[in-house]
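The values are calculated or read from the model by the stated rules, or taken from the named source; none is laboratory data. From a predicted model like this one, the values you see are computed outputs, not experimental measurements. Cβ placement follows ideal geometry from the backbone for every residue including glycine, while neighbour counts extend to all protein chains displayed. Please note that ligands, DNA and RNA were not included when accessible areas were found on the heavy atoms of the full protein model with its side chains. Shrake-Rupley method; radii C 1.70, N 1.55, O 1.52, S 1.80 Å.
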Amino acid sequence: MASNNSSNEVVAHRRDVLRWVAGAALLATGGSLTGLARAATKLTPDAKSALIVVDVQNCFMPGGTLPVKEGNDVVGVINRIAPAFENVILTQDWHTPGHASFASAHPGKKPFDSTKLSYGNQVLWPDHCVQGTPDADLQKDLKIPQAQLVIRKGYHKNIDSYSAFYEADRKTATGLSAYLKQHQVKRVFLTGLATDFCVAWTAIDARREGFETYVIEDATRAIDLNGSLAKAWADMKAKGVKRIQSTDLAA
Ligand code: VGL
Ligand code: ZN
């Protein structure tokens, strides 16, 4: 029957159109099916997710004592995504005067040299983020009123702590893992400074503690000392850390 035929044709045509749209979408993502899935599914932070904002402090801003290139650029990105998170943790690098990670505490050493401390190799930094100084304050434009915990680290004079979970002796826990677990957090999203030191070490320890771990790349900036950034991404990847962009979030 004519009417049947034409409606069959419409169905067939619609199917072709759908096939064409799927093909075009696949082409647009460079032929990658995972790209297609990524375009379709955004990550939605839930009650089991926490945003961790690492060391967004004056010391790491241009003009601070250990400036990270474009360090101030993370603030806007973090402010934009933070409202999507019910759980937000901030960290602060919080060193004693004369801290063991400071080159000034090691006669004959200069900033960015290395030395051996009791727990292993230590990069030596300019004096930075000293407890109670304006340099150690959180960057003033960071707007995350719901942040529930500020975790300070690096306050033991003879031990550094890049990670927000374990100090550099790899044994002394900060308590962050237990805190997150008691709040039923399963998934952490990392932002802040610096990608290749405090963010990377925190990400790798988050995996060690069993958290699903994402680093939001455009919400971080790196120091990149002797190839440290490429090495950090490779180490994070090897531990199952997922590298995403802020646009991958439904935020
Ligand atoms: C950091 C070097 C020294 C960081 C802290 O926040 O990545 N880097 N202290
Ligand atoms: Zn430090």
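Working from label points 7 Å from Cα in the Cα-to-Cβ sense, the A84 to E70 distance is 2.0 nm. Working note: Cα gyration tensor of the stretch 127-251, eigenvalues times five, square-rooted, sorted largest first, giving semi-axes of 21, 18, 17 Å. Give the carbon-plus-sulfur fraction of the accessible surface of the stretch 43-248 in %, rounded to a whole number; probe 1.4 Å, heavy atoms of protein chains only. Answer for the stretch 43-248 is 54 percent, counting heavy atoms of protein chains only. For the stretch 179-251, the Kirkwood estimate of the hydrodynamic radius, built from every pair of different alpha carbons, is 12.4 Å. Note that the stretch 43-248 shows a convex hull volume over its alpha carbon atoms of 109 Å³ per residue. Beta bridges per DSSP, both residues in the stretch 43-248: antiparallel share near 20 percent.
Taking the centroid of alpha carbons for each part, the stretch 101-136 and the stretch 58-80 are 20 Å apart. Each of the peptides 222-228, 186-192 was scored by the mean count of other Cβ atoms within 10 Å over its residues; in descending order, highest first, they stand as 186-192, 222-228. Taking the average, over residues, of other Cβ atoms within 10 Å as the packing measure, peptides 129-139, 43-53 rank 43-53, 129-139 from highest down. By the rule of a C-alpha distance below 20 Å, with chain neighbours fewer than 8 residues away ignored, the aspartates and glutamates paired with K48 are E86, D205, E209, E212, D248.
Is the stretch 97-146 rounded, prolate or oblate when judged by the Cα gyration tensor, a ≥ b ≥ c being the square roots of its eigenvalues, rounded requiring a/c under 1.5 and prolate requiring a/b larger than b/c? Prolate shape, in that a/c is at least 1.5 and a/b is the bigger ratio. As an exercise, identify the trypsin sites (Lys or Arg not before Pro) in the stretch 52-144 lying in DSSP coil whose Cβ has no more than 13 other Cβ atoms within 10 Å. Filter output for the stretch 52-144: K69, K140, K143.
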